[in-house]
Every structure is written in structure tokens, then in C-alpha cells.
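See below for the structure under consideration.
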Amino acid sequence: MDTGNEPPVPADNTGHAGGDFTRDGKGRFTYELTTAQRDAQAAELRAENWTLQAIATELGYHDASHARQGIRRALREIVRGPAEKLIAMHLQRLESLYEIAMDVADAKHVVVSHGRIVVGEDGQPLTDHGPKLAAVREARATLNSFWDLTGMKQPTKVEHSGGVKYEIVGVSPQDIV
């Protein structure tokens, strides 16, 4: 069944029944340029109101279902290119924000009160940790955004095994019917 997430596996092991697929070194089917070109052509024909069976016959797909899968692959590729550029742009922005936050965290900050630097008993300026802590929080938020954007943040899976034992206090087992 085509879920829309992966190219379909060819009907036979040659890779020709459902498209131009070959196996990689690990035995998985890979998508080749000729298949991408044929899928793009199938999408164009479909836009011209060709039936799926006519597209399959014209372009050498095994059947109408494989033509539909090819069209879906072509549509995913149309979206993937601009989406990858957008993600790369956001990743670059996040990296810049992280670097700025780390620069602030690495800088020396002094306590200022009423426009004057506050000094300790030893005559040295007191360190203000507030800006450093704010920069660390910002860096952490930036990393979280990076993890969300790249899909690195996985939901935590919690498993529980065992049973629950109920005990009723103050009631005799004979009284329960």
C-alpha cells in the first residue's frame, strides 16, 4: 500500500515493473533520475487531464496504480526542493542566533547601579550573572528550535509494566457480593 512516504517497491525484483529502481548496497530500492523524469512527465500529462491508465500505457508504468505513485513522487519532489532551501535558511539563522547568545555568555558583565559600576570591598567590579544566564537560556531555546526543525527531538517513550492491586480496607470479603 502506498502511504505517500516512500517510493513503491517494484512488482518484481528487476526494478522495471513499477519504475526505474535499482538496489543499493544494502538491498534497498533507490530512486533514479530516469524515474524522476518519467514521474515529472506523468504529472504533466495528468495536468492535461490524461487518465492514469493512459499515462501508464504512454510512459511504460506497470499499471494505473504505479502511474499514480509516480505522480505523487513528482509532487513530493516539487515541494522538497524549496522546502530544503527554507530549512537551510532557518538553520543558518538559528546558528547565527546561537553564536550571538554564546558571545553574550562569554562576555564579562559588571553590575551597574544608577549609571555607575558597582565595586566590591576589594575595589574590583562585581560580576553581573544576569546577562550570562539570559544568554544561556536563549542558547538553549535556539538549540530546541534546531532540534525541532531537524526532527532530532524525539518524543520520550515511557513504558510501564506490572499490575495494580486494589485493597479495600474495612470491608470483609464475605460482605462483597
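Derivation of every value follows stated rules applied to the coordinates shown; laboratory data play no part. The model shown is predicted, which means the values in this text are computed figures rather than measured ones. All Cβ positions, even for glycine, are placed from backbone atoms using ideal geometry, and neighbour counts span all protein chains on display.
Give me the residue from region 81-138 that is of a type in the set (Asp, Glu) and farther than 30 Å from ALA36 by Cβ and, out of that set, nearest to the chain's Cα centre (by Cα). Steps first, answer last, please.
First, the residues of region 81-138 that are of a type in the set (Asp, Glu): 84, 95, 99, 103, 106, 121-122, 128, 138.
Now restrict to residues that are farther than 30 Å from ALA36 by Cβ: 95, 99, 103, 106, 121-122, 128, 138.
Values: GLU95: 17, GLU99: 23, ASP103: 28, ASP106: 31, GLU121: 53, ASP122: 53, ASP128: 38, GLU138: 22 Å.
Filtering region 81-138 for residues that are of a type in the set (Asp, Glu) and farther than 30 Å from ALA36 by Cβ, the one nearest to the chain's Cα centre (by Cα) comes out as GLU95.
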Residue tally, condition of a type outside the set (Phe, Trp, Tyr) and in contact with a helix residue (DSSP H, G or I) (Cβ under 8 Å, 6 or more places away or on another chain), over region 146-167: 4
Matching entry among ALA139, ALA64, ALA135 (being within 30 Å of ALA42 (Cα to Cα) and hydrophobic (A, V, I, L, M, F, W, C)): ALA64
Count of residues meeting criterion [exposed (fewer than 11 other Cβ atoms within 10 Å of the Cβ) and either among the aliphatic types (A, V, I, L, M) or in contact with a helix residue (DSSP H, G or I) (Cβ under 8 Å, 6 or more places away or on another chain) (or both)] in region 69-85: 1
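Which fully enclosed helices (runs of 4 or more DSSP H) of region 31-128 have 2 or more residues being touching an Asp or Glu at 6+ places or on another chain (Cβ under 6 Å) and farther than 30 Å from ASN144 by Cβ?
33-47, 64-106
For region 157-176, state whether one or more residues are surrounded by 10 or more Cβ atoms within 10 Å (Cβ to Cβ) and outside any loop (DSSP other than H, G, I, E, B).
no
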Single condition ALA139 does not satisfy, out of (1) outside any loop (DSSP other than H, G, I, E, B); (2) without any contact (Cβ under 8 Å) to a residue 40 or more places away in the chain; (3) within 30 Å of GLU84 (Cβ to Cβ); (4) of a type in the set (A, V, I, L, M, F, W, C): (2)
